[in-house]
Every structure is written in structure tokens, then in C-alpha cells.
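The structure appears right after this line, and notes come after that.
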């Protein structure tokens, strides 16, 4: 069909308009309220597909402050813990039990760094924030993800988790801690060991005994929580818990 210059211009204008674009290439549509369900699904699927591809069956999840400096003793303990988890695999490519962090700096960086020290793969789940969060350089590149939604990120934290090991941290760490222990308390997920490093710190931050005294939680709820003084005792706690509950990690 022959067209004149005016018609060609009209067609070109329409083809350049975002409304003409295929849905996934239309940023206006993909960022709309109506497409939120699709975005949630994509947020979940990208990491899920990759972890399946690399044979990630179980994870040991480390939470903690992104502000902890390298010369802090807790940084060194987190790094050692990453080494302990990393050395537990059958080979460097064995992802059957893999270290997972939030992918940022501080404690997260230290744990990923420890895994890299011993040649093991590790996972980082970063989050898209107004103030950009950069992934730390020690995450295995093909297992370094960024999420739009906190909810989907948390889902991946708990989905394969066989233990949660939590170092001192702030609001983000507390948010992750309480979300996870609530899922365990309400039996929305299987019980796993939740190990808090540095008992003195956590007793100053959270008074679980006071919550029991006030009738806000039951005594049995406090049994979800374990305490450890350092990386080695935390790892021993995880191994012993699974042995006693007949759910061996390996």
C-alpha cells in the first residue's frame, strides 16, 4: 500500500508511542498499579529460576547491620561464619547448602567474603532503594539478585532457609528477625534454628522475658531463639539443632 509523507509520519508517530509497545517494553504500563501483580511474579521468578539452575536446595541465612566496619569484631565473626558454611559443602560448586545474605555491606559483606575465602558460592539478595544499595563484591555473580519488593525478598530468605543467624543490627535487621520468628511462631513455615550472636547486645535491644511476663507471648515462643557468642558456637548450634530434630543438613 502506497502512503504519502503525511501518512508515513502519522504511522511513525504511533509506532514510537509507548502505547504501541509490547507490554513488557512499555515502562509506563509495567510500572502502573494494574501491572503490580506481574511485577511481583517477575520479582519472585528471576531469582527462583537461577537458584534452581545452580542447585541451591538449602540456605543458611545471615542478617546483620550494613554499617559494621571491617575492624569490628562482629565483622570478623561474620566472615568466619561464612567460611564455616562455605567449607561444609562437598565441593566449591556444591550449592546444596549455601550461604545467603541481604547482599549489602557490613555483616552481609563479611559473611559473603568468608564464603569466597574458601572458594564457596554464596547468594546476595539486594533491594532497590531510593538511596542506591550496591552489592558487595564477594557475592557469587550469578547468584547476586536485586529485588523491587521487600515481601518477595523476604520470601526468598525463608523459602530454603535451614537456619537464620543474626548479628547485631538496626531497623532492617530487626524487621527481618521479627518477620521470620513470626512465621515460625504462627507455623506458616517450618521451625528452624534462629541464632542471635552477642547475647548482651540482643538483651539490651529486645526483652523477650518481659513480653512473656506481660502475657504478650508464651514461654514456648522464646524457645525459637538461641544465643551464641561467636561464629563457631553459632555453627555448632545449627548443626546440633538439626541433629536433635532429625533433619540433617547433609
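Things to note:
- Residue in the range 67-77 that is at pLDDT below 95, in a helix (DSSP H, G or I) and touching a helix residue (DSSP H, G or I) at 6+ places or on another chain (Cβ under 7 Å) present: no
- Some residue of the range 169-188 being in contact with a strand residue (DSSP E or B) (Cβ under 8 Å, 6 or more places away or on another chain) and part of a loop (DSSP other than H, G, I, E, B): yes
- Among the residues of the range 139-168, those identified as in a strand (DSSP E or B) and touching a residue at least 60 places away in the same chain (Cβ under 8 Å) are 145, 147, 161, 162, 163, 164, 165, 166.
- So residue 236, is it in a helix (DSSP H, G or I), at pLDDT 95 or above and farther than 18 Å from residue 98 by Cα: no
- Near pairs, Cβ below 8 angstrom, 6+ apart or cross-chain, from the range 91-111 (in contact (Cβ under 8 Å) with a residue 40 or more places away in the chain and at negative phi) to any residue that is surrounded by fewer than 24 Cβ atoms within 10 Å (Cβ to Cβ) and part of a strand (DSSP E or B): 96/58; 97/58; 97/162; 98/58; 100/161; 102/126; 102/127
- Checklist (1) part of a loop (DSSP other than H, G, I, E, B); (2) surrounded by fewer than 17 Cβ atoms within 10 Å (Cβ to Cβ); (3) in contact with a helix residue (DSSP H, G or I) (Cβ under 8 Å, 6 or more places away or on another chain) applied to residue 246, failing item: (3)
- Of all residues in the range 106-134 being within 18 Å of residue 147 (Cα to Cα) and surrounded by fewer than 20 Cβ atoms within 10 Å (Cβ to Cβ), the one that is modelled with the lowest pLDDT: 132
The values are calculated or read from the model by the stated rules, or taken from the named source; none is laboratory data. Computed from a prediction, not measured in an experiment: that's the story for all the values here. Using ideal geometry, Cβ is built from the backbone for each residue, glycine included, and neighbour counts are taken over all protein chains shown.
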